[in-house]
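Asker: Right, I'll just put the structure down here and ask away after.
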Amino acid sequence: MRESIKTNMVKELLHELRQLVSLRSLKARIFLIILLAGVIPCVFLRYGILDDYEERTVELRIATVQNQLRVVGSHLISNNYLYNIQPEERNGTTSRDVIDAELETISDLYEGRVLIVDSSLKVVMDTYGISEGKTIISEEVIRCFRGENISYYDREHGYIEMTVPIVDTNLPAPEGSSNASGAIVGVMLTSISNESIIDTLEMLNRRAVLLENLMFVCVIAVAILLAVLLTKPLSKVENAINEVQAGYTDESISVPGYSETANIVDAFNQLLKRMKVLDDSRQEFVANVSHELKTPMTSMKVLADSLLAQGDAPAELYKEFMEDIVSEIDRENQIITDLLALVKMDKKAQELNVSSVSINDLTELILKRLRPIARRKDVEVVFESMRQVTAEVDEVKMTLIMTNLVENAIKYNKEHGWVKVELDADHQYFTFVVSDSGLGIPEESLEQIYERFYRVDKSHSREIGGTGLGLAITKSAVLMHRGSITVSSVEGEGSVFTVKIPLIYIPQ
Ligand code: ADP
């Protein structure tokens, strides 16, 4: 017992896991959506902020260094640095030394290198002291001489390169030059290290990753919580249905939750109600069939017993009793025939034996057969045909449909009543309407009359030979022809059954 409970639990767990993995479970989907909704913005935010930070810091650094170099540039001009004029000495240092020191400070501060190139593209100063006197022909320098300020950020190698023009405001700007304040007499080619920015970025990135991981854990926790909470009403519905299925209850279930689950529960309750009705009618059927089949048997036994008890009963009495026994056998036969007809209809695969049938002739024939029964009750049967109708139908089943409807109209009629049968057709369907002046059907029974063994007034129906199967057989036969059957009725005034069947049978 314990083992089987264990294996069941393992099976359930595996099933749940499989559902989660295959994403067929709502829980898994909610979990994933919340997870993605929580994590994706975090990652984007981290990359976005860090990228933005890097861009802004690089821009700021370029602007700062360029400003500082511009100041040095103006010093260079005011001290004739580029014109190689011997500067005057003050306290043992020349202004050239001061400028060199300024440049050294900048290159130290930004861990970089500053080259000063004169108009003949010769390097007049290199803070690294290796390129002095050399000629430099680089695109950036030439473009800078044309007045363009160039800066370039090499992320991979971690440095920023920029050029700053040295403008002599005493000289006129050449024509067409964008630098209107003076002539460009030299260029400061500078590359500075970006390592400090990268270090800060890495530190920020580490913090962001830490925060991100923390966030990730929180989002997972929230996602699990919400996935469980949001699907709870569904689990409750499942449990409630399982209880009904296990047979603990057959009452309507009630699970407060979402309107969607309430709809499912409503639909389930309707189904339960319908199943109950079917179950009730099935139980009633068994009781009815037993009763129906037993009644003729009992009568036959009574008749036979009394004949046997008399010993030398006259022949007329034998004849009379035998006639009664025959009529009881007929009744028994009728019930069995109806049951068999219904069972046959139930077989879905059953093929219709379709042929072209004159519905007018068929109706005439059926009415001829039924008129003697009608006469017994003095019920007048009228047939009104609007046109000649020929349709592709199964003649035997069509006969069943018409016979049942007309027979019911006669059976459930008053003395001296009437039954009217109307036949009409359009280009697609033919309509067969049976109206009567009978007892009518109460409104609450209208939906149930097609159910097997349902009878409005059981005792009356049995009395007049009803089995409760006629309309069930009729409806099945109509549906097999892809037709429809409707009824309207006023209690005490009569009923109208309308059958609509396609003229041409189209198999599915
Ligand atoms: P039955 O064999 O009892 O006639 P049916 O399935 O043919 O069974 O009909 C079901 C019930 O519907 C009947 O018991 C009767 O109460 C009601 N019914 C059917 N046709 C009519 C009608 N034309 N007028 C009044 N009641 C009807």
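Asker: What do you get for the angle between helix 259-310 and the principal long axis of the chain? Use alpha-carbon atoms, 0 to 90 degrees, nearest ten.
Answerer: The angle comes out at about 20 degrees.
Asker: If you don't mind, there's one more thing I want to ask. Over the residues of the range 259-343, compute the C-alpha Rg and express it relative to 2.2 N^0.38 Å.
Answerer: Details: Rg = 22.6 Å, N = 85, 2.2 N^0.38 = 11.9 Å.
Normalised Cα radius of gyration, the range 259-343: 1.89.
Asker: Starting with the fewest neighbours, write out PHE383, PHE31, PHE321 ranked by other beta-carbon atoms found within 10 Å of each beta-carbon.
Answerer: By the 10 Å Cβ count, ascending: PHE383, PHE321, PHE31.
Asker: While we're here: Could you tell me which of VAL124, VAL496, LEU171 has its Cα farthest along the dipole of the chain towards the positive end, charges placed at Cβ (Lys, Arg +1; Asp, Glu -1), taken about the Cα centre?
Answerer: Of VAL124, VAL496, LEU171, it is VAL496.
Asker: Check the straight Cα-Cα distances from LYS27 and name the aspartates and glutamates below 17 Å, setting aside those fewer than 8 residues away within the same chain.
Answerer: Hits, sequence-local ones excluded: GLU12, GLU16, GLU238, GLU260.
Asker: Could you give the size of the charge dipole of the chain about its Cα centre, using +1 on the Cβ of each K and R and -1 on the Cβ of each D and E, expressed in debye and rounded to the nearest 20?
Answerer: Working: 52 positive and 75 negative charges, 277 e Å.
The dipole of the chain has a size of about 1340 debye.
Asker: Let me ask another. Please list, in chain and number order, the residues 5+ apart from TYR429 or on another chain whose amide H is under 5 Å from its amide H, with Hs placed from the backbone.
Answerer: Under 5 Å from the amide H of TYR429: LEU503.
Asker: Additional query: Give me the percent of DSSP beta bridges within the range 344-446 that run antiparallel, rounded to the nearest 5.
Answerer: Counting DSSP beta bridges with both partners in the range 344-446, the antiparallel share is about 65 percent.
Asker: On a 0 to 90 degree scale, rounded to 10, what angle separates helix 95-109 from the longest Cα axis of the chain?
Answerer: That works out to roughly 20 degrees.
Asker: Based on the Kirkwood radius over alpha-carbon pairs, what value in µm²/s does the Stokes-Einstein equation return for the translational diffusion coefficient of the range 351-502 at 25 °C and 0.890 mPa s?
Answerer: 158 µm²/s
Asker: How big is the range 75-197 by Rg and Dmax over its Cα atoms, in Å?
Answerer: In order Rg, Dmax, the Cα atoms of the range 75-197 give 14.9, 46 Å.
Asker: Shifting gears a bit: Rank GLY182, PRO233, VAL244 by how far each Cα sits towards the positive end of the charge dipole of the chain (+1 on Lys, Arg Cβ; -1 on Asp, Glu Cβ) and give me just the farthest.
Answerer: Checking the options against the dipole of the chain, the answer is VAL244.
Asker: Moving on. Give me the percent of DSSP beta bridges within the chain that run antiparallel, rounded to the nearest 5.
Answerer: About 90 percent, rounded to the nearest 5.
Asker: Amide H neighbours of ILE166 under 5 Å, at least 5 residues apart or on other chains, H built in the peptide plane: list them.
Answerer: Those lying under 5 Å, H to H, from ILE166 are VAL185, GLY186, VAL187, MET188.
Asker: Run the helix sum for the chain: -39,500 (n - 2.57) per DSSP H stretch of 4+ residues, divided by residue count, reported at 222 nm to the nearest 500 deg cm²/dmol.
Answerer: -20000 deg cm²/dmol
Asker: By how many degrees, 0 to 90 and rounded to 10, does the Cα axis of helix 26-78 deviate from the longest principal axis of the chain?
Answerer: The helix 26-78 is inclined about 20 degrees to the chain.
Asker: Beyond a 29 Å Cα-Cα separation, which of these cross-linked pairs lie in this structure: LYS6/LYS236; LYS236/LYS273; LYS11/LYS276? Don't skip to the answer; put the middle values down first.
Answerer: On the way: LYS6/LYS236 23 Å; LYS236/LYS273 20 Å; LYS11/LYS276 32 Å.
As for pairs spanning more than 29 Å Cα to Cα, those are LYS11/LYS276.
Asker: Could I ask something else about it? Compute the separation of the alpha-carbon centres of the range 384-425 and the range 427-444 and state it in Å as a whole number.
Answerer: Between the Cα centres of the range 384-425 and the range 427-444 lies a distance of 9 Å.
Asker: How large is the charge dipole for the range 75-197, taken about the Cα centre, if only the Cβ atoms of Lys, Arg (+1) and Asp, Glu (-1) carry charge, to the nearest 20 debye? Walk me through the numbers before you get to the answer.
Answerer: On the way: 8 positive and 20 negative charges, 64 e Å.
Dipole magnitude for the range 75-197 comes out near 300 debye.
Asker: Ok, one more. Can you give the translational diffusion coefficient of the chain in µm²/s, computed by Stokes-Einstein from the Kirkwood radius over Cα pairs at 37 °C and 0.692 mPa s? Don't jump to the answer; show the numbers that get you there.
Answerer: Numbers: Rh = 34.3 Å.
Estimated diffusion coefficient is 96 µm²/s.
Asker: Mind ranking 336-344, 393-401 by how tightly packed they are, going by the mean number of other C-beta atoms within 10 angstrom, highest first?
Answerer: Final packing ranking: 393-401, 336-344.
Asker: Taking the DSSP beta bridges in the range 368-508 as the whole, what percent of them are antiparallel, to the nearest 5?
Answerer: Details: 21 of 27 bridges.
About 80 percent, rounded to the nearest 5.
Here, each number is a calculation from the coordinates, and none is a lab measurement. The structure displayed is predicted, hence computed values, not measured ones. Every residue, glycine as well, gets a Cβ built from its backbone with ideal geometry; the counts of neighbours run over all protein chains shown.
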